[in-house]
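FYI, it's all coordinate maths here, none of it is from the lab. Treat the numbers as computed from the prediction; the structure is a model and nothing was measured. Cβ sites come from the backbone with ideal geometry, for glycine too, and all protein chains shown count toward neighbours.
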Amino acid sequence: MTENKKIIQKLEKATVSIFVNSELRCTGFFITPDGYLLTAYHCIKDYELGIKLETSTGEKLKAEIDEDNSLRKFDIAILKAEFTPSHCIPIGKISDKVQTSDEILVLNNSTHTYGKISQFLTSHKIELSFVEKNTNIGLTH
């Protein structure tokens, strides 16, 4: 098994499908071992009937939005589930060590795409050149 496939398998375990009002809206991933997740705010903004998660192993969970730590202005939502994930992906800032041509992996609920950073547009945005796309990584919907 290639090193990239091993990494993807670990990342899959941290990734969830997010349902809002019983409709699949987006994906997210656990960022802490005590059940905090990161996703895009626009995906969960109309959550009157609740937010539900489905893990890569098919476990179904309820989640609540953590408004105090979410950043609506930057389209960032932090969710909390009463769950201890087997894997999480800690987040951090883009450091001075990140450069153009560095590789990046983008995960979605059923795809992964490898790319390279082609340029920094602003301090919060990068442009990617995609190298490979695979639409069969086994996450549930």
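For the reader, a short list of remarks on this structure follows.
- What the phi angles of the stretch 68-85 give under the Karplus curve with 6.51, -1.76 and 1.60, with θ = phi - 60°, is a coupling list of 5, 9, 7, 10, 4, 4, 9, 6, 10, 10, 10, 10, 10, 10, 7, 7, 10, x Hz, glycine and proline written as x.
- Here the residues Leu53, Leu11, ranked from fewest to most Cβ neighbours within 10 Å of their Cβ, fall in the order Leu11, Leu53.
- Tensor-based shape of the stretch 9-96 (alpha-carbon gyration tensor, a/c under 1.5 rounded, otherwise prolate or oblate): oblate
- Between amide H atoms placed 1.01 Å from N, distances below 5 Å from Asp66 occur with Ile78, Leu79, Lys80, all of them 5 or more places distant or on a separate chain.
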